[in-house]
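The values are calculated or read from the model by the stated rules, or taken from the named source; none is laboratory data. In this text the structure is predicted, and so the values were computed from the model without any measurement. Cβ atoms come from the backbone with ideal geometry, glycine included; neighbour counts cover every protein chain shown. Accessible surface is based on the protein model in full, side chains and every heavy atom, while ligands, DNA and RNA are left aside. Shrake-Rupley method; radii C 1.70, N 1.55, O 1.52, S 1.80 Å.
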Amino acid sequence: MIEMLNVSKKYSNGITAVNDLSVRIEQGEFIYVVGPSGAGKSTFIKMIYREELPTKGTIKVGDFDLMKMKNKNIPFLRRQVGVVFQDFKLLPRLTVYENIAYAMEVIEKNPKAINKRVLEVLDLVNLKHKIRMFPNELSGGEQQRIAIARAIANTPRVLIADEPTGNLDPDTTWEIMNILEEINNQGTTVIMATHNSVIVNKVRHRVLAIENGRIVRDQQEGEYGYEA
């Protein structure tokens, strides 16, 4: 599903964030990406949805060759790859319904299909009762659940979660994890960058540990492996 081969990323300031990295991720896997700050995790993740382009190497996501694709085709890639951020990135002037619907309106889904899917994903994240509220009327955990609902609105094959529990209390963190597990159980590949050792050690999945831009550990049912 996702394949990186000899991928490197060197920024204009001379920093090499990813260094000759190769990995293959199969459809339906749940992957934790761990490692110290500055190890290259964010760059690794951003390259999957082509927010960053490698300096060299090849990246394939499904049928997309990210090194060869034209910029005009990036939106088609991002229909297949949903992204959830630590700071939610909800549109403050839109309601919960409108935030989720917007993701489908931009690809010109018809209103009836949009309405049906918005209700489906709100049901999944248990927030149907907040449908008319605005982001500033929600807790941090509720905002993150809406961000997840928006990210999966177009039924992507891959969901990338970049520190999705970083700003949340422990109880809310487990709510978010349960939702990500359910999404994964439905067949979506989940790639989650995290510093949360408790989650990684308790809910076991494949672990990719990145240090100095390289994968130093690729472990099925792995553990966090760093001091919390």
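Relative to the longest principal axis of the chain, what angle (0 to 90°, nearest 10) does the C-alpha long axis of helix 111-124 take?
Helix 111-124 and the main axis of the chain meet at about 70 degrees.
Show me, for the stretch 43-51, the HN-Hα J-couplings you get by feeding each phi into the Karplus relation (A = 6.51, B = -1.76, C = 1.60, θ = phi - 60°), rounded to Hz, glycine and proline as x.
Residue by residue, the stretch 43-51 yields 5, 3, 5, 5, 5, 5, 9, 6, 6 Hz.
Could you check how many percent of all C-alpha pairs in the chain are farther apart than 26 Å? All intermediate terms of the calculation are to be shown ahead of the outcome.
Numbers: 9433 of 25878 pairs.
So the portion of pairs separated by more than 26 Å is 36 percent.
Which of 186, 143, 27 ends up with the largest GNM mean-square fluctuation for the chain, with Cα atoms connected below 10 Å?
Its mean-square fluctuation being the largest, the pick is 186.
Please tell me the relative contact order of the stretch 90-155 in percent, rounded to the nearest whole number, where contacts are Cα pairs under 8 Å and at least six residues apart. Present the calculation step by step, with values, prior to reporting the outcome.
Details: 66 pairs, mean separation 33.2, N = 66.
For the stretch 90-155, the relative contact order is 50 percent.
Mind listing which trypsin sites (Lys or Arg not before Pro) in the stretch 78-157 are in a DSSP loop and have 14 or fewer other Cβ atoms within 10 Å? It would help to have the intermediate numbers written out before the result.
Values: sites: 78, 79, 89, 93, 109, 112, 116, 117, 128, 130, 132, 145, 150, 157; in loops: 89, 93, 109, 132, 157.
Listed in order of number, the matching sites are 89, 93, 132.
Calculated from DSSP H runs of 4 or more alone, at -39500 (n - 2.57) each and per residue, what is the 222 nm mean residue ellipticity of the chain, nearest 500?
After summing the helix terms and dividing by residue count, I get -9500 deg cm²/dmol.
Within the chain, what's the longest stretch lacking GluC sites (Glu not before Pro) that sit in DSSP loops with no more than 12 other Cβ atoms inside 10 Å?
For GluC sites (Glu not before Pro) (loop position, at most 12 other Cβ atoms within 10 Å), the longest site-free span of the chain is 109-220.
Sort the stretch 1-77 into rounded, prolate or oblate with this rule: let a ≥ b ≥ c be the square roots of the eigenvalues of the Cα gyration tensor; rounded if a/c is under 1.5, and if a/c is not under 1.5, prolate when a/b is larger than b/c, oblate otherwise.
Taking the square roots of the gyration eigenvalues as a ≥ b ≥ c, the stretch 1-77 is oblate.
Which value, in debye to the nearest 20, gives the size of the charge dipole of the chain about its Cα centre, when Lys and Arg are +1 and Asp and Glu are -1 at the Cβ?
So the magnitude is around 940 debye.
When ligands, DNA and RNA are left out and all protein chains stay put, how many square angstrom of accessible area per residue does the chain have with a 1.4 Å probe?
Value for the chain: 49 Å² per residue.
Suppose every K and R has +1 on its Cβ and every D and E has -1 on its Cβ; what is the size of the dipole of the stretch 90-155 about the Cα centre, in Debye to the nearest 20?
120
Give the distance, in whole Å, between the Cα centre of the stretch 158-228 and the Cα centre of the stretch 111-145.
23
If I compute solvent accessible area with a 1.4 Å probe over the protein chains, what percent of it on the stretch 25-89 is carbon and sulfur?
In the stretch 25-89, the share of accessible area belonging to carbon and sulfur is 48 percent.
Report the residue, chosen from 23, 158, 207, that carries the largest GNM mean-square fluctuation when the chain is represented by alpha-carbon nodes joined by springs under 10 Å.
Of the options given, 23 has the highest mean-square fluctuation.
Can you find, among 61, 95, 194, the residue sitting farthest towards the positive end of the charge dipole of the stretch 58-195, where Lys and Arg contribute +1 and Asp and Glu -1 at Cβ?
61
Quick check: at a probe of 1.4 Å, how many percent of the accessible area of the stretch 90-155 sits on carbon and sulfur atoms?
Using a 1.4 Å probe with all protein chains present, the stretch 90-155 comes out at 51 percent carbon and sulfur.
Considering only the other residues whose Cβ falls under 12 Å of the Cβ of residue 42, what net charge follows from Lys and Arg at +1 and Asp and Glu at -1?
-1
Trypsin sites (Lys or Arg not before Pro) within the stretch 161-218: which are DSSP loop residues with at most 15 other Cβ atoms inside 10 Å?
Listed in order of number, the matching sites are 204.
Taking only Cα atoms and a 10 Å spring cutoff, compute GNM fluctuations for the chain and point out the largest among 198, 81, 106.
Looking only at 198, 81, 106, the biggest GNM fluctuation is shown by 106.
So what's the gap between the Cα centers of the stretch 3-54 and the stretch 62-83, to the nearest angstrom?
With the stretch 3-54 and the stretch 62-83 each reduced to a Cα centre, they are spaced 16 Å.
How much accessible area does residue 129 have with a 1.4 Å probe, in Å² rounded to the nearest 10?
Taking all protein chains as shown, residue 129 has close to 130 Å².
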